[in-house]
Structures are given as C-alpha cells and as structure tokens.
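Comments concern the structure below.
The values are calculated or read from the model by the stated rules, or taken from the named source; none is laboratory data. Given the structure is predicted, the values throughout are model-derived calculations rather than measurements. Positions of Cβ are generated from backbone atoms using ideal geometry, with glycine treated the same way; all protein chains shown enter the neighbour counts. SASA here: full protein model, heavy atoms, side chains in, ligands and nucleic acids out. Shrake-Rupley method; radii C 1.70, N 1.55, O 1.52, S 1.80 Å.
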Amino acid sequence: MSDKNMTTNKIAGKQSILFENPPLILSGSSIAGQKEGEGPLGSFFDEIEEDPMAGGKSWEDAESRLMKRAAEKAIEKAGLTNQDIRFLIGGDLLGQLIATSFGIVNLEIPMFGVYGACSTMGESMALGAILVDGGYADKVIAITSSHFAGAEKQFRFPLGYGNQRPLSASWTVTGSGAVVIGKNESKDKNKHKEEEKNVVIKGITVGKIVDYGLKDSMNMGACMAPAAYTTISQNLKDINQLPMYYDKIITGDLGCVGKDILIDLLKQDGFDISSNYMDCGMEIFDQESQDTHAGGSGCGCSAITLTGYILYKMRRGEWNRVLFVPTGSLQSTVSFNEGNSIPGIAHGVILETC
C-alpha cells in the first residue's frame with residue numbers, strides 16, 4: 001500500500017481521524033486542590049494539595065507548581081525520565097500560558113504551547129496522538145491546569161471583591177492533569193498491574209469554533225454546549241455509529257445547565273445520549289454540599305477527572321470505549337469587555353481498552 005493511501009485511510013468523515021496503530025496512554029497523573037479532594041472523586045487523585053498557594057507567592061505561581069508536579073508524576077509513573085519525552089504539549093487559562101511556561105521550564109522538554117480554553121486537554125492529547133502515530137515522536141506528554149483564584153482574578157472578579165455568583169456560574173477547578181502518550185508496542189504494554197487493561201487513543205474528532213451569540217460569562221455551560229453538540233454529532237456521523245457505541249460520552253465542564261442543552265440539541269439530530277452521558281464538571285464536586293452551583297469548570301476539571309477517575313474505570317474494564325470531549329469557552333477580558341459574544345469549542349478523543 002502506498003504512503004498516500006495509508007494516510008487517506010486514517011481520515012474518517014469530515015472532522016475525524018482513526019489511527020492505524022492507536023497510541024498508548026502510558027500513564028496519567030492528577031494533582032488536585034483541597035476542595036476537589038473533598039469532592040466525590042477525591043480518592044482517585046494522585047495528590048491533594050491543601051495549600052491554595054501550593055507553597056508559592058501568588059495564585060499563578062501556585063498553578064505553575066501544580067503543573068510541574070503533574071508532569072513529574074506522570075513521567076515517574078510511566079517509568080521514564082524527562083529525557084525520554086520527545087515533546088510536551090500543554091496550555092492553561094492564563095494570559096500567554098504563563099502557568100505552563102513557568103511551570104515546565106525546568107523540565108527542559110521541547111514544548112508546544114496550545115490554547116483551547118477548557119478544551120485544552122483534548123487538544124493536547126489529540127496533537128500528541130498525531131505526533132506519535134505519525135512517527136514524529138515516540139513519547140509525548142499532554143498537560144493542562146487551572147486554579148480557582150487565578151481564573152476568578154483574570155476572567156471575573158478578584159476574590160477580595162466578594163461578588164455574588166449566580167446559580168448558572170461554575171467553580172473553576174484547582175488542579176493539573178497530565179498523560180504520557182507512547183507507541184503501542186509490546187515493550188510499552190502492561191506498565192500497570194497485570195489485571196489492568198491498557199488504554200489507547202483510537203481516534204479524535206477535531207472541534208469547530210461555534211458561536212450562538214451568548215454573552216453571559218457567568219453561564220459557561222450554555223456558551224459551550226453548542227460546541228459539544230457539534231463535535232459529538234459529527235463524531236457519530238464520521239464513524240457511522242449510534243451513541244450506545246460508547247460506554248460513556250463524557251464532556252469537560254458543561255455543568256447542570258449545559259448538560260440539558262447538549263442532550264436536547266443532540267436529540268434534534270436523532271442522537272439520545274441521556275443513558276450513557278457524563279459531565280466532568282458535575283462529577284468532580286457535590287453540588288449540594290460544596291456550593292459549586294452549576295458544577296466544576298476550568299482546564300483542570302476534565303484533566304484530573306480523566307487521569308484520576310476515567311482511566312481508573314477503563315483500566316479495570318468497567319468502561320471499554322469512551323468519547324472524551326473537553327469543552328472550552330473562547331473569551332478574554334478584552335473581548336468580553338468590548339461586548340463580544342463567547343464562542344465555544346470542543347475536541348473529541350476516542351479512548352479504548354486493549
């Protein structure tokens with residue numbers, strides 16, 4: 001078979017890629033904040049940081065420190081060293097990706113900085129899988145982070161302002177998650193316990209920017225749900241499957257408001273995901289006891305839910321095929337203050353056990 005045909009065969013539908021030799025997730029790490037550790041998923045995280053400053057001098061410094069620890073933990077769990085990692089792909093919510101750049105500088109790993117807002121984990125994993133499957137890297141780390149106080153300071157109001165939050169508002173997760181992605185070769189398999197399954201990235205669906213004209217920065221779920229809808233619908237069309245093909249379809253941080261919108265939009269296309277759908281933002285906190293209103297949000301929300309909880313369920317065979325769809329709102333303080341709407345984007349990552 002010619003190289004041209006081999007490349008063409010990886011293309012599925014309009015927006016998806018199915019890998020010929022699906023890259024393997026060698027390890028995942030999750031560093032969570034105290035509030036996240038007190039939530040329903042607390043026992044699944046690798047580390048709980050009870051100091052909101054993480055020993056640093058600012059919220060931004062704290063986020064960088066969490067990201068460094070997540071990268072180091074993922075590399076350690078994979079049985080590797082920094083020198084074994086060909087590329088690092090990552091980003092965060094802060095201006096110029098300062099949490100990432102200051103956090104990983106001492107790791108001395110070649111870096112691609114990416115920005116997809118809260119969809120960054122999906123984007124990073126998608127690009128990492130492409131590099132590995134294409135033979136441009138043998139091992140890649142995909143990473144992202146967020147911090148409640150840093151996000152409030154940049155996008156809404158500093159904590160000292162004491163503003164009230166509407167019920168549609170979400171709570172930015174403090175935490176960082178990372179995965180090491182490598183070639184699916186026999187020598188890379190069975191890094192985990194013998195009874196655990198390996199998890200591969202079977203394919204991806206690259207999202208489009210979707211703008212329904214919404215302008216409420218305190219209702220991220222409504223802003224991002226249309227993007228999640230277009231990505232999930234396109235994924236199912238591209239691979240010619242119904243929703244039950246997946247054990248779980250998991251969005252990043254739509255919360256209780258965005259969840260209902262997503263389900264309704266997909267029903268218009270004839271897809272009912274209500275029985276196998278989950279949102280990371282609704283799982284990571286107890287909505288009633290932790291007073292997080294619509295649920296969790298931020299880059300770290302989907303990242304630590306994936307690396308702490310989702311991979312755990314898959315490696316134990318409870319879920320064998322998952323569509324992981326981190327969701328992001330594409331805004332800045334400049335665009336919002338100038339009266340622009342808040343577009344959304346969502347990237348789909350097909351995870352399978354083997």
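Below is a table of values for the structure above.
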| item | result |
| --- | --- |
| Single residue of the range 33-48 satisfying the filter (in contact (Cβ under 8 Å) with a residue 40 or more places away in the chain and not in a helix (DSSP H, G or I)) that is farthest from the chain's Cα centre (by Cα) | E38 |
| Tally, over the range 281-299, of residues that are assigned to a loop (DSSP other than H, G, I, E, B) and crowded, with 24+ Cβ neighbours inside 10 Å | 6 |
| Among residues of the range 240-263, those that are touching a Phe, Trp or Tyr at 6+ places or on another chain (Cβ under 8 Å) and either open to solvent by 60 Å² or more (accessible area, probe 1.4 Å) or at pLDDT below 95 (or both), counted | 3 |
| Residues located in the range 267-280, provided they are crowded, with 22+ Cβ neighbours inside 10 Å and part of a helix (DSSP H, G or I) | C280 |
| Strands (runs of 3 or more DSSP E) (entirely within the range 302-354) containing at least 1 residues that are in contact with a His (Cβ under 8 Å, 6 or more places away or on another chain) | 321-325 |
| Hey, A142 modelled with pLDDT under 95 and closer than 22 Å to L41 by Cβ or not | no |
| Filtered residue count, the range 248-266, keeping only those that are touching a helix residue (DSSP H, G or I) at 6+ places or on another chain (Cβ under 7 Å) and either within 28 Å of I11 (Cβ to Cβ) or part of a loop (DSSP other than H, G, I, E, B) (or both) | 9 |
| Per-region count, the range 204-247, residues more than 18 Å from I345 (Cβ to Cβ) and either part of a loop (DSSP other than H, G, I, E, B) or under 16 Å from the mean Cα position of the chain (by Cα) (or both) | 7 |
| Among residues of the range 331-354, those that are surrounded by fewer than 22 Cβ atoms within 10 Å (Cβ to Cβ), out of contact with any helix residue (DSSP H, G or I) (no Cβ under 7 Å at 6 or more places or on another chain) and over 23 Å from E185 (Cα atoms), counted | 10 |
| Filter result for G300 (on the phi > 0 side of the Ramachandran plot and at pLDDT 95 or above) | no |
| Filter result for S302 (polar (S, T, N, Q), over 18 Å from the mean Cα position of the chain (by Cα) and either open to solvent by 70 Å² or more (accessible area, probe 1.4 Å) or under 26 Å from L94 (Cβ atoms) (or both)) | no |
| Scope the range 308-328; condition of a type outside the set (F, W, Y) and open to solvent by 10 Å² or more (accessible area, probe 1.4 Å); matching residues | K313, R315, R316, G317, E318, N320, R321 |
| Residue that is farthest from T120 (Cα to Cα), among those in the range 52-67 that are open to solvent by 60 Å² or more (accessible area, probe 1.4 Å) and part of a helix (DSSP H, G or I) | W59 |
| Any hit, the range 35-52, residues being closer than 20 Å to G116 by Cα and either in contact with a Leu (Cβ under 9 Å, 6 or more places away or on another chain) or modelled with pLDDT under 95 (or both) | no |
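Residue by residue, here is whether (1) modelled with pLDDT under 95; (2) small (G, A, S); (3) open to solvent by less than 10 Å² (accessible area, probe 1.4 Å) holds:
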residue: G162; (1), (2), (3): yes, yes, no
residue: E185; (1), (2), (3): yes, no, no
residue: H192; (1), (2), (3): yes, no, no
residue: T205; (1), (2), (3): no, no, yes
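Conditions (1) open to solvent by 10 Å² or more (accessible area, probe 1.4 Å); (2) farther than 16 Å from S332 by Cβ, marked per residue:
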| residue | (1), (2) |
| --- | --- |
| E76 | yes, yes |
| N82 | yes, yes |
| F87 | yes, yes |
| I98 | yes, no |
| G103 | no, yes |
| A117 | no, no |
